[in-house]
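Remarks on the structure that follows.
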């Protein structure tokens, strides 16, 4: 049989390419290790690979998918800046929906490892994620080539404040001055780039502070937990009651108060953990592991074999117990504050007197009200003068642009003046801008009209 | 890697031959014509170029650009489409494992009507073929004084940002071969200096993305080979030949192609065309594509005549003598110009 007789007569249509994933199948860096990449870092790298900004990728590709998946039209889930929220790498609805959506779009399953979703239901969301972006500049400088640079999940956890390798505190600013900041429309979002100035945040010798022993120990505990298999496997919900009950019997002769003292929490909190009434915060879990000398994964697996409790710290004195004021003395001090030129808030005054604003209102109501009223008046005056100054700058810029024949826009003005001199992106700024613009246009129109009339009048005079 | 996967017509269409024929005959006239127009015939002259192109698509073969050259109507576009099917089947396992993997991309070089070649349109089309989202919103990253910023997006994507997006897409989709059909549009209205620029752009795209580019077009493409020595070294010519009248083997093969096409005519009474094999080979300049077009025209006339075949329909469907002579002179000139520069020919120098 020759080659030709084997030939297939293809009377079927040409094969079509099987459906491909909309986004590239980018693999997160450091999967399954303590260096695992956070979801927001992954999202920024994904957007960069597609030559889009994260906002564009979110708006154009991800949010329509979220709409189709959840049917939700207005929610925190579907903002084009959701990826900048601290809960994005957490364990709530935002993280789970975005993980699901990105897994469909990239066809990469396993993105939940870049978040804390595996701990959902086992710990409280309160105080879990850091509100600010933080990093270790020296860790970035250790990576060769831009491809391995990534933001780490461990840096997103609030209770981790230090780098376990370099034993320095995590930082949240590259040290750029306000004048170096660029327009928000030109910002590049990548894990190793400062979003304000656009420079790399990697430094071989960063000037960040040295971390305390406890901070380093906590960072190491959390890193070991992220490195362990326990992190990726879902823990039982009653792990804490088992662990605390066992630890109480083993280390504290069955006394919850001893454990509460060593963990620096209330006795009722420990009671709540033991009986499944409270869900512990992650910082408490870390604190338990630190105080009892075990691993975090031991707590999640209720393993009591390797407990080495620290010495019991001295019991803290309860704040405010038996605190009383001499009213006349308090009034005298408050009058002194009123006589000062500098206006202070009630909170500040209370801090200086070592008490709370509520106490001041109770013991010396009239004087506290006066302090409050004076401070409000000062704040109001300051705000008014600031608004006037802003209006003047804005008016000058609008006038200059109109004179040049350029259409004044908020973006153009901000780029010209600089973000720090003039912020125009809040809703109230929009109203202010419109007001100034309309006033200036009216003035300009009036001037033109007047000029026209003058020209006409002079022309009439010239004519016989 | 599973490379042994192959599909036949029976795998895709489980109907028996007679059932399929019955179904075809019941179709309306327009669909019958569409069916015949969509038929692809595998023939000996298409096999070797196909193998050569599959070989050049493999990574690290030292070929950046392959020129698929052939006479008009020889089946170059059909070959490109067969090549795509072949690579899809060959990399089926990898495509199932990695849903973003795209081994081959087919794109037609645009003729936008502008004086020079529109790279913007070309990159946009390529991006769309690569399933790249938001091609009109691509941004370019600028590095100025150690500061990384995003170039402001004004009126859609710039050519530079489109180019960056396409490079990234080819890299991340792990594409092996980009087939550019109608590549002669690249060289139209182009002086040598500008042509070198175009070719440099393609060469650098191939270098950066690690992809082989297959440019499909007529003999005019050959002049790209002589632009620079480096380009010549990194390029390959694959020739899709016609069936030359007067050569015994070619005549037999052409007759078989004719017989195959004849069997597939969606008519109650299948006409006997083998008697006209030689005149048809002359009238079609030995090109299978021209033969199929001719038969399609004859089929259209027959279907208008309520399916009754007449010899005069075939005569009416033929190209005019002027057209044939024009095509033939172009083909002969082209064949003469590329002799000696062909891939997998002229290798006897080693022995």
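Read the figures in this text as sums done on the coordinates, not as results from a lab. Please read these numbers as outputs of a predicted model, since none were measured by experiment. Here the Cβ is made from the backbone with ideal geometry for all residues, glycine too, and neighbour counts use every protein chain on show.
Given a cut-off of under 8 Å on Cα pairs at least six residues apart, what relative contact order in percent is computed for the range A:39-186?
20
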| How far is helix B:44-57 tilted off the main Cα axis of chain B, in degrees rounded to 10, range 0 to 90? | 10
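For every helix of n ≥ 4 consecutive DSSP H residues, a contribution of -39,500 (n - 2.57) applies; sum these over chain B, divide by its total residues, and give [θ] at 222 nm rounded to the nearest 500 deg cm²/dmol.
Per the formula, -15000 deg cm²/dmol.
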| Residue order, fewest to most beta carbons within 10 Å, for A:273, A:155 | A:155, A:273
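If r is the Cβ-Cβ distance from residue B:293 to residue B:93 and R0 is 30 Å, what FRET efficiency results, to the nearest 0.05?
0.20
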| request: Multiply the residue gap between residue A:236 and residue A:463 by 0.36 nm, knock off their C-alpha separation, and tell me the result in nm, one decimal place. | output: 71.8 nm
| message | Under the rule a/c < 1.5 gives rounded, and otherwise a/b versus b/c splits prolate from oblate, where does chain A land using the Cα gyration tensor? | response | oblate
| task | Could you work out how far helix B:248-263 tilts from the main Cα principal axis of chain B, as a 0 to 90 degree angle to the nearest 10? | result | 80
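Subtracting the Cα-Cα distance from 0.36 nm times the residue separation, let me have the gained length for residue A:204 to residue A:403 in nm, one decimal.
66.7 nm
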| Can you give the average number of partner chain beta-carbon atoms within 10 Å of each beta-carbon in peptide A:21-34, as a whole number? | 3
| query | Among A:271, B:198, which comes first, then next, by fewest other beta-carbon atoms within 10 Å? | reply | A:271, B:198
| request: From the P(r) of chain B, can you give the percent of Cα pairs sitting at distances over 40 Å? | output: 22
| task | Describe numerically, in nm with one decimal, the distance between label points set 7 Å from Cα along Cα→Cβ at residue B:51 and at residue A:435. | result | 8.2
| note | Here, residue A:396 and residue B:282, labelled 7 Å along Cα→Cβ, have an inter-label distance in nm of 9.1
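So for chain B, averaging the separation of alpha carbon pairs under 8 Å that are six or more residues apart and normalising by length, what relative contact order in percent results?
Over chain B, the number comes to 23 percent.
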| Among B:106-116, B:56-66, the order from most to least packed when residues are scored by Cβ within 10 Å on average | B:56-66, B:106-116
| note | At R0 = 30 Å the Cβ-Cβ FRET efficiency linking residue B:332 and residue B:233, nearest 0.05, sits at 0.55
| field | Cα centroid separation, the range A:141-212 to the range A:329-390 (Å) | value | 39
| Mean separation of Cα contacts under 8 Å, 6 or more apart, over the residue count of the range A:136-272: relative contact order % | 23
| field | Distance (nanometres) between label positions extended 7 Å along Cα→Cβ at residue B:121 and residue A:381 | value | 6.9
| request: Rounded to the nearest Å, what's the spacing between the alpha carbon centres of the range B:18-73 and the range A:49-122? Just the number, please. | output: 43
| note | Per-residue Cβ contact counts at 10 Å, fewest first, order A:232, B:145 as B:145, A:232
| query | If you find the alpha carbon centre of the range A:267-310 and of the range A:391-464, how far apart are they in angstrom? | reply | 65
| note | Under the rule rounded for a/c under 1.5, else prolate if a/b exceeds b/c, else oblate, using alpha carbon gyration tensor axes a ≥ b ≥ c, the range A:327-437 is classed as prolate
| Two-site FRET efficiency, residue A:255 against residue A:70, from Cβ-Cβ distance with R₀ of 60 Å, rounded to 0.05 | 0.80
| Computed helical MRE - 222 nm, chain A, DSSP H runs ≥ 4 contributing -39500 (n - 2.57), nearest 500 | -14500 deg cm²/dmol
